[in-house]
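So the structure is just underneath, and the comments pick up after that.
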Amino acid sequence: MGKITGFLEFDRKVESYAPVEERVKNYHEFTLPLKEPELKEQGARCMDCGIPFCHSGCPLGNLIPDFNDAVYRGKWDKAAKILHSTNNFPEFTGRLCPAPCEEACVLGINEDPVTIENIEKNIVETAFKKGWIVAEPPATRTGKKVAVVGSGPAGLAAAQQLNRAGHLVTVFERDEKPGGLLRYGIPDFKMEKNVIDRRLKVLEEEGIVFKCGIHVGKDITGPELQDEFDAIVLSGGATVRRNLPIEGSDLNGVVQAMDFLPQNNRRVDGVKEFENEIMATGKDVIVIGGGDTGSDCIGTSIRHGAKSVSNFEIMPMGTVERPEGQPWPFWPMRLKTSTSHKEGAERFFSISTKKFLGDGNGNLKGLITSEVEWIREPGKAMVLKEVEGTEKEWKCELALLALGFTGSEMTVAEQLGVEADARTNIKASEQDYMTNVPGVFAAGDQRRGQSLIVWAISEGRQAAHHVDTYLMGESALPLKGEGDLPRV
Ligand SMILES: Cc1cc2nc3c(=O)[nH]c(=O)nc-3n(C[C@H](O)[C@H](O)[C@H](O)COP(=O)(O)OP(=O)(O)OC[C@H]3O[C@@H](n4cnc5c(N)ncnc54)[C@H](O)[C@@H]3O)c2cc1C
Ligand code: SF4
């Protein structure tokens with residue numbers, strides 16, 4: 001695949017970024033794309049490696065060597081068809097996926113891996129530009145009705161697949177617009193929201209009905225949905241945030257990341273007034289939590305004009321190289337440095353927040369930390385130990401809690417009698433994605449717990465296959481990795 005000697009001739013090259021001082025003035029995406037000849041060279045780097053481990057690295061089973069080859073040969077239309085045969089929304093993954101496929105790339109054993117994610121983004125952007133992505137409504141309708149609860153990537157993927165199978169699909173979303181965390185979690189500088197809107201337009205033209213501003217469980221109950229629809233897909237995400245229950249956590253200025261980020265995304269979308277406006281402007285900001293959400297809080301705070309931004313992570317600092325014990329082709333826990341980290345945040349590792357300090361009027365004015373170490377005793381889980389004498393006071397008027405999510409909201413599941421595990425992930429096996437209640441399925445973060453966009457799309461597609469089988473006795477909807485290789 002690609003050019004047989006391409007990996008020997010061309011070095012890895014990815015898109016570059018607008019300079020920090022320019023990009024932090026607004027919320028636009030700031031990547032500077034490669035030119036077409038450069039992209040073809042990158043496609044050419046895909047070797048004829050025999051067993052493409054990237055396939056199994058990608059949760060969608062994307063047919064990576066095949067689209068790389070098509071790009072190398074300039075057959076962008078063929079590349080777009082191959083890519084869409086396994087991935088409904090490559091414009092989301094091409095921007096936001098951590099690309100486990102690249103960690104599994106065979107070239108990555110002793111060279112830089114193929115730039116799979118960036119090639120994916122350029123294929124889909126070319127396809128949109130050329131007008132190749134158009135509505136493909138089903139030729140016939142089955143008359144069966146499916147309700148999808150939640151419009152994140154899992155719900156959207158399930159909806160598009162089920163609509164393709166001819167079912168009448170209604171997506172219920174409690175937010176004012178569809179997209180889930182793509183719209184109200186991830187900031188515009190990582191993905192502008194017109195990227196979601198142009199895809200939603202296609203979905204609507206295909207016949208999917210979106211009912212926004214409807215909170216299932218309150219505005220309409222689970223059993224009412226059961227009466228109206230032949231099957232239900234629960235894809236409401238993992239929305240219950242983790243708290244930091246320490247002294248002072250009720251002070252003004254101690255704020256959940258998922259209050260801060262959605263508000264800002266709405267602000268960027270034109271909303272002017274908020275009941276409780278949260279701004280980082282002129283403040284010393286501390287972001288507690290070193291993951292994607294924490295990184296998004298950093299980039300947003302910097303764009304607000306924060307005085308300083310610090311980022312705390314309780315785990316030790318990772319290594320840039322693949323750690324021992326996490327060999328290729330597995331996903332390694334490396335030190336991840338995002339574009340937001342490079343915009344001016346200072347990062348601190350092995351640090352634990354012990355107490356928030358108030359100014360006497362209920363407002364946050366600082367916090368106390370101590371350093372921690374992780375002790376591993378043979379045969380036991382790692383234990384966290386505070387390092388004596390390392391207490392430190394920090395000045396801080398805004399502390400953003402980016403500590404992840406503990407599980408999903410259970411109202412609808414309880415109304416339907418659907419079982420969940422101890423972490424409130426809905427129980428539905430990968431065999432058929434069906435819960436203990438016949439006709440009720442689950443997909444995405446609500447089933448697997450807090451995860452990734454690529455997994456949400458994969459789960460939505462898998463669940464759709466099994467819903468279709470439940471309704472019709474069989475299904476032609478593809479399962480993971482069952483893509484099409486058109487002879488264009
Ligand atoms: C700040 C942030 C940044 C992230 N960055 C990345 C990234 O860069 N790359 C990546 O791969 N992943 C990232 N993730 C994770 C990724 O966004 C999620 O894994 C993914 O969106 C999960 O998709 P989902 O469809 O399962 O759920 P969600 O995207 O959470 O969507 C669920 C939807 O269901 C709706 N809903 C819930 N209950 C109801 C109800 N009862 N009635 C009606 N509607 C309901 C919610 O309003 C929501 O819109 C990030 C997450 C966060 C929080
Ligand atoms: S979706 Fe993610 S893992 Fe799959 S090919 Fe694209 S970048 Fe790689």
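The values are calculated or read from the model by the stated rules, or taken from the named source; none is laboratory data. Since the model is a prediction, treat every value here as computed from it, not as a measurement. Every residue, glycine among them, receives a Cβ derived from its backbone with ideal geometry; neighbour counts consider all protein chains shown. All accessible areas refer to the heavy atoms of the entire protein, side chains included, with ligands and DNA or RNA removed. Shrake-Rupley method; radii C 1.70, N 1.55, O 1.52, S 1.80 Å.
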Problem - Flag if THR339 is in a loop (DSSP other than H, G, I, E, B), within 14 Å of ligand 1 (Cβ to nearest atom) and on the phi < 0 side of the Ramachandran plot - result: yes
Exercise for the section: Of the conditions (1) under 29 Å from LEU203 (Cα atoms); (2) touching a strand residue (DSSP E or B) at 6+ places or on another chain (Cβ under 6 Å), SER16 clears all except one; give me its number. Expected result: (1)
Exercise for the section: Look through region 99-112, keep the residues that are in a loop (DSSP other than H, G, I, E, B) and open to solvent by 40 Å² or more (accessible area, probe 1.4 Å), and return whichever of them is farthest from ligand 1 (Cβ to nearest atom). Expected result: ASN110
Problem - Tabulated pairs, region 437-463, first closer than 17 Å to PRO100 by Cα and open to solvent by less than 30 Å² (accessible area, probe 1.4 Å), second among the acidic types (Asp, Glu) and more than 16 Å from ligand 2 (Cβ to nearest atom), C-beta under 7 angstrom, 6+ apart or interchain - result: ALA456/ASP445
Completion exercise
Screening LEU83, LEU39, LEU8 for residues that are touching a Pro at 6+ places or on another chain (Cβ under 6 Å), away from ligand 1 (no atom under 16 Å from the Cβ) and not in a loop (DSSP other than H, G, I, E, B) leaves only LEU83
Exercise for the section: Please work out which residue is farthest from ligand 2 (Cβ to nearest atom), limiting yourself to region 115-154 and to residues that are assigned to a helix (DSSP H, G or I) and out of contact with any Asp or Glu (no Cβ under 8 Å at 6 or more places or on another chain). Expected result: LYS129
Practice task
Considering only region 222-237, state which residues are open to solvent by 10 Å² or more (accessible area, probe 1.4 Å) and among the hydrophobic types (A, V, I, L, M, F, W, C).
Solution key: PHE229
Handout entry: Single residue of region 374-393 satisfying the filter (assigned to a strand (DSSP E or B) and without any contact (Cβ under 8 Å) to a residue 40 or more places away in the chain) that is least open to solvent (accessible area, probe 1.4 Å)
Key = ILE375
Exercise for the section: Starting from region 82-94, keep only residues that are within 18 Å of HIS55 (Cβ to Cβ), then list their pairs with residues that are of a type in the set (Val, Ile, Thr) and open to solvent by 10 Å² or more (accessible area, probe 1.4 Å) whose Cβ atoms are within a distance under 7 Å, requiring at least 6 positions of separation or different chains. Expected result: THR93/ILE453
Problem - Pairs where the first residue, in region 48-62, is at positive phi and the second is of a type outside the set (S, T, N, Q), C-beta under 7 Å, 6+ apart - result: GLY61/HIS55; GLY61/LYS480; GLY61/GLY481
Practice task
Check whether at least one residue in region 418-430 is over 23 Å from the mean Cα position of the chain (by Cα) and either open to solvent by less than 70 Å² (accessible area, probe 1.4 Å) or at positive phi (or both), and report yes or no.
Solution key: yes
